1. Report, by residue number, each residue of the range 84-99 that is within 14 Å of residue 204 (Cβ to Cβ) and either of a type in the set (A, V, I, L, M, F, W, C) or touching a residue at least 12 places away in the same chain (Cβ under 8 Å) (or both).
2. Mind listing whichever residues of the range 162-184 are among the aliphatic types (A, V, I, L, M) and either open to solvent by less than 20 Å² (accessible area, probe 1.4 Å) or modelled with pLDDT under 95 (or both)?
3. If a residue must be among the aliphatic types (A, V, I, L, M), closer than 20 Å to residue 197 by Cβ and buried (at least 16 other Cβ atoms within 10 Å of the Cβ), how many such residues does the range 90-107 contain?
4. Could you list, in sequence order, the residues of the range 152-179 that are in contact (Cβ under 8 Å) with a residue 24 or more places away in the chain and part of a loop (DSSP other than H, G, I, E, B)?
5. Do you know which of the residues in the range 59-70 that are loosely packed, with under 15 Cβ neighbours inside 10 Å and in contact (Cβ under 8 Å) with a residue 40 or more places away in the chain is nearest to residue 196 (Cα to Cα)?
6. Does residue 149 satisfy the condition of being assigned to a loop (DSSP other than H, G, I, E, B), more than 21 Å from residue 62 (Cα to Cα), open to solvent by 20 Å² or more (accessible area, probe 1.4 Å) and of a type in the set (Asp, Glu)?
7. Would you point out the residue of the range 190-217, among those that are in a strand (DSSP E or B) and open to solvent by less than 20 Å² (accessible area, probe 1.4 Å), that is farthest from residue 80 (Cα to Cα)?
Amino acid sequence: MTAASATPAGVTTHRDRARMGARFAAVIATTAAFSFLGQPIAGSLAWAEDGAHATVDVPEPDNYRMSDYRAPVPSTLAGGTVIGIDDAISLHEAGALFVDVLPRAPRPKGLPEDTIWRPEPRQNIPGSIWLVDTGYGELAPVMERYFFDGLEQATQGDKAAPVVFYCKRDCWMSYNAAKRAIRDGYTSVSWYPEGTDGWAEAGRPLEPVQPEPRPDE
């Protein structure tokens, strides 16, 4: 009797467990690498019966996302429309307002006051406005006013004007901003969760941009 035939069907051997352990370790290592690079994996992983992984749907919260902003995002937006690259391109070509809400890198702590600080320019979807730091779950009154004033000026007060919110892939800040606009009465809100990552991957151009001036600067 050979070693292979000596193992009853359905019994896990030490070799099988070693193989499964190696597979699990590889997944953990890949996840850690992506997290370290600031590129979270799109979707939560769950093991299927055949050993493959499946993407778990992320439920839409009742309110704003308050923390862990770089994480898998939902596929829905109550009161708005979630769009992919094809719709994003169509809306862009039709002249819709594109709004980026990605935070800007802060001035390094301890930098002498007389040192000029020039953060790296943001590469953005052409024609966008950048309402920096307005995607947090909670905004200070001055930043909330900055957000709404920026939208009002860009849409010329037309809350039915099509507006597309984005930042980067798997970034809850664009979700929060879209929800905030919907709650303020904007009726044609789209959310492009792939952001500049998906735009660039589709071969579309990006351009350097500076944020709209903040009232507290």
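1. 84, 85, 87, 88, 89, 91, 92, 98
2. The answer is 163, 164, 173, 177, 178, 181.
3. Number satisfying all stated conditions: 5.
4. Residues satisfying the conditions are 159, 160, 161, 162, 167, 168, 169, 170.
5. Filtering first and then ranking leaves 68.
6. Answer is no for this residue.
7. Within the range 190-217, the match that is farthest from residue 80 (Cα to Cα) is 191.
The values are calculated or read from the model by the stated rules, or taken from the named source; none is laboratory data. No experiment lies behind these values; they were computed from the predicted model shown. Glycine also receives a Cβ, built like all others from the backbone with ideal geometry; neighbour counts cover every protein chain displayed. The accessibility values were calculated without ligands, DNA or RNA, using every heavy atom of the protein model including side chains. Shrake-Rupley method; radii C 1.70, N 1.55, O 1.52, S 1.80 Å.
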